[in-house]
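Down below is the structure, laid out as structure tokens.
The values are calculated or read from the model by the stated rules, or taken from the named source; none is laboratory data. None of the values given here were measured: they were computed from a predicted structure. Note that we place each Cβ from the backbone using ideal geometry, even for glycine, and neighbour counts take in every protein chain shown.
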Amino acid sequence: MCRELKKYYGLYRNINVDNCCNVVGMNTETNSQTMTLSPLCERDSQSRSCGGVSLSQPLDPISAVTAPDPYPLYAALVAERPLYFDDRLGMWVACGAEVIERILSCRAFRVRPLNEAVPKPLLGTRAGDIFGQLVRMRDGGSQVALKQAVCSAFAPVDTKALVRRSDAWMQHLLQAHPPADRTVGSGGTPPDIACALPVYAVGSLLGTPSDLLPSSVFWMEDFVRAIAPGSTSEQIARGSAAAENLVAMFQGLLQQAQFPDHRNPRGMPVNLGLLSSFARSACRHAGHEEVTIIANAIGFLSQSYEATAGLIGNTLIALQKRPKLQRKIEDEPAMLGSVIREVARHDSPVQNTRRFLVEDKVIAGQKMRVGDAVLLVLAAGNRDPAANSDPEHFDPDRCNPSLFTFSAGAHLCPGAKMALALAQGGVQHVLASEIDLERLVAGFGYRASQNGRIPMLNWETTRS
Ligand code: HEM
């Protein structure tokens, strides 16, 4: 057994009361020394009590996503089991950077299981119709052509302007979110400001009129809940109603895009920059129809939504833990960009993604069979010492870090630069405001998710 795994098992056996730390807000940099963890694949207990403090322990790489500190588990897996079959999860788990890279670049690994382009519970629903059209959920020739259209539409986006736009939206949301108007929303809990920000920023790039932005946030919340693995029939019904509204909104916008001067029915000029350029390039590259264009415009919002919120939240947490770094940014605001990029590596908002095999393969000596699923732990790849030296260390000055956060290969995130710019604008506004980071992050937990590490911060305290 390697040293990392021995340490891992050893810590589990010798719970040290002096070393107990609370389950939230702990230092994710070096606490393999201070956190007790369960052995791999242990089935019996989710959490145990230690000196009156409950210690939640990640039992596998999915429960790790929202655990206080998944990183000791990932480090142990990278060192000992870069690719293994997890009985608990019923799938392969890839944690080593080299294995992840190999799988992401291999055409035999697809984003959807064979013969299940759309998850069964979503079949025949409006949310499922959108899901099936997304570039993210396709493979092969149709994905390549659509991806080209997406990339050509995103290429001209001015990221410096996006930082400013995002800063301004954060200022607006801190005053106006959630909307006081009770007719906005679906009756559920309002999504927080970090989730609202990407919808406002990307939505307005796509031409969403400002009076529809507050509702778009609620629709997006319902839509992403519906398409998440394990969604309930009620969530799917809500998500489908939300999808209906989003489709109607984008249909209206596309109709306006036919007019040369881009005016809405009330005669107001609208900026349909990203939507028009995507529609044009989708027709040029792939001859795509309106239904595909609209579904993917909705996809731009859903891809941005929680992931960007997570990057904003994880950055604020990282800064709250590092007051010196905060002061450095005050003196040198330009360094915020590299801090955010390092947060993306060190505490990725997207911790994992999945692939499904369409033919038998041997990868890293393991025989994998057609139909097998594999969980690619991107956040573990980011901390593989073979990919990034001294990987546990948070270092914004890192030269050319290897980053798996935005995936790689055919499905590499086309919105990565936009995501970093959105997070930069949002965080820069929070830092320049009077907001007390201590209060903002106090006692935070993570949104329930199998792949997103999205902290829920106390945005309401920013009002008092
Ligand atoms: C911090 C924020 C973000 C993160 C961490 C992130 C991460 C990712 C990842 C990991 C994938 C690929 C998943 C896979 O390979 O299985 C992906 C795909 C994608 N992302 Fe992002 N993303 C972010 C923000 C955005 C934004 C702001 C946009 C657009 C405005 C966007 C648009 C897309 C699209 C369209 C795809 C599908 C690409 C394809 O399948 O070819 N993302 N993203």
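Can you find a residue that is within 16 Å of the ligand (Cβ to nearest atom), in the same structural domain as SER142 (by TED's automatic domain parsing), touching a strand residue (DSSP E or B) at 6+ places or on another chain (Cβ under 9 Å) and not in a helix (DSSP H, G or I) anywhere in segment 399-406?
Of segment 399-406, the ones within 16 Å of the ligand (Cβ to nearest atom) are 401-406.
After this cut, where a residue has to be in the same structural domain as SER142 (by TED's automatic domain parsing) as well, the list is none.
Checking segment 399-406: not a single residue is within 16 Å of the ligand (Cβ to nearest atom), in the same structural domain as SER142 (by TED's automatic domain parsing), touching a strand residue (DSSP E or B) at 6+ places or on another chain (Cβ under 9 Å) and not in a helix (DSSP H, G or I).
Determine if segment 431-441 includes at least one residue that is of a type in the set (Lys, Arg), surrounded by fewer than 21 Cβ atoms within 10 Å (Cβ to Cβ) and not assigned by TED's automatic domain parsing to the domain that holds PRO190. Among the residues of segment 431-441, not one is of a type in the set (Lys, Arg), surrounded by fewer than 21 Cβ atoms within 10 Å (Cβ to Cβ) and not assigned by TED's automatic domain parsing to the domain that holds PRO190, which makes the answer no. From the list ALA379, ALA423, the one residue that fits, being under 24 Å from ASP139 (Cβ atoms) and modelled with pLDDT of 95 or more, is ALA379. Number of residues in segment 343-382 that are crowded, with 22+ Cβ neighbours inside 10 Å, within 21 Å of TYR71 (Cα to Cα) and of a type outside the set (A, V, I, L, M): the value is 9.
May I ask you to verify whether ALA448 is within 20 Å of ARG354 (Cβ to Cβ), away from the ligand (no atom under 11 Å from the Cβ) and in contact (Cβ under 8 Å) with a residue 12 or more places away in the chain? For ALA448, the condition - within 20 Å of ARG354 (Cβ to Cβ), away from the ligand (no atom under 11 Å from the Cβ) and in contact (Cβ under 8 Å) with a residue 12 or more places away in the chain - is met.
Could you please let me know if GLY230 is surrounded by fewer than 16 Cβ atoms within 10 Å (Cβ to Cβ) and under 18 Å from the mean Cα position of the chain (by Cα)? So that I can check it myself, show each step before the final result.
Values: surrounded by fewer than 16 Cβ atoms within 10 Å (Cβ to Cβ): yes; under 18 Å from the mean Cα position of the chain (by Cα): yes.
Yes, satisfied.
Can you work out which of the residues in segment 342-385 that are out of contact with any helix residue (DSSP H, G or I) (no Cβ under 8 Å at 6 or more places or on another chain) and among the basic types (Lys, Arg) is farthest from GLU98 (Cα to Cα)? So, considering only residues that are out of contact with any helix residue (DSSP H, G or I) (no Cβ under 8 Å at 6 or more places or on another chain) and among the basic types (Lys, Arg), the one farthest from GLU98 (Cα to Cα) is ARG369.
Which of the residues belonging to segment 156-191 are charged (D, E, K, R) and either part of a helix (DSSP H, G or I) or surrounded by 12 or more Cβ atoms within 10 Å (Cβ to Cβ) (or both)? Full working, then the answer.
Restricting attention to segment 156-191, the residues satisfying the condition of being charged (D, E, K, R) are 158, 160, 164-165, 167, 181-182.
Once the filter is applied, which keeps residues that are charged (D, E, K, R) and either part of a helix (DSSP H, G or I) or surrounded by 12 or more Cβ atoms within 10 Å (Cβ to Cβ) (or both), segment 156-191 yields LYS160, ARG164, ARG165, ASP167.
For segment 255-307, which residues satisfy the criterion of being part of a loop (DSSP other than H, G, I, E, B) and at pLDDT 65 or above?
Pass one, segment 255-307, residues part of a loop (DSSP other than H, G, I, E, B): 258-262, 264-268, 270-272, 287-289.
Matches in segment 255-307: LEU272, GLY287, HIS288, GLU289.
Within segment 192-218, being crowded, with 17+ Cβ neighbours inside 10 Å and of a type in the set (Gly, Ala, Ser) holds for ALA194, ALA196, ALA201, GLY203, SER204, GLY207, SER215, SER216. For segment 318-350, residues that are more than 15 Å from the ligand (Cβ to nearest atom) and either farther than 18 Å from VAL430 by Cα or of a type in the set (D, E, K, R) (or both) total 8.
From the list LEU336, LEU376, LEU357, which residue is of a type in the set (A, V, I, L, M) and in the same structural domain as MET418 (by TED's automatic domain parsing)?
Values: LEU376 fails: in the same structural domain as MET418 (by TED's automatic domain parsing); LEU357 fails: in the same structural domain as MET418 (by TED's automatic domain parsing).
Sole residue among the options that is of a type in the set (A, V, I, L, M) and in the same structural domain as MET418 (by TED's automatic domain parsing): LEU336.
Exactly one residue among ALA76, ALA97, ALA155 is of a type outside the set (S, T, N, Q) and closer than 23 Å to GLY203 by Cα, and that residue is ALA155. Contact map, segment 301-321: first residue charged (D, E, K, R), second residue not in a helix (DSSP H, G or I), Cβ cut-off under 6 Å, separation 6 or more or different chains; pairs are GLU306/GLY452; GLU306/ILE454. Mind counting the residues in segment 130-187 that are charged (D, E, K, R) and more than 12 Å from the ligand (Cβ to nearest atom)? Residues in segment 130-187 being charged (D, E, K, R) and more than 12 Å from the ligand (Cβ to nearest atom): 7 in total.
A single entry from GLY452, GLY425, GLY445, GLY409 fulfils the requirement of being closer than 30 Å to GLY90 by Cα, buried (at least 21 other Cβ atoms within 10 Å of the Cβ) and not hydrophobic (A, V, I, L, M, F, W, C): GLY452.
Restricting segment 104-129 to residues that are within 20 Å of the chain's Cα centre (by Cα) and within 14 Å of the ligand (Cβ to nearest atom), the residue that is farthest from SER240 (Cα to Cα) is LEU104.
Just one of the listed residues (LEU59, LEU77) is modelled with pLDDT under 95, buried (at least 16 other Cβ atoms within 10 Å of the Cβ) and closer than 20 Å to LEU378 by Cα, and it is LEU59. Screening PRO385, PRO391 for residues that are more than 16 Å from the ligand (Cβ to nearest atom) and surrounded by 21 or more Cβ atoms within 10 Å (Cβ to Cβ) leaves exactly one candidate, PRO391.
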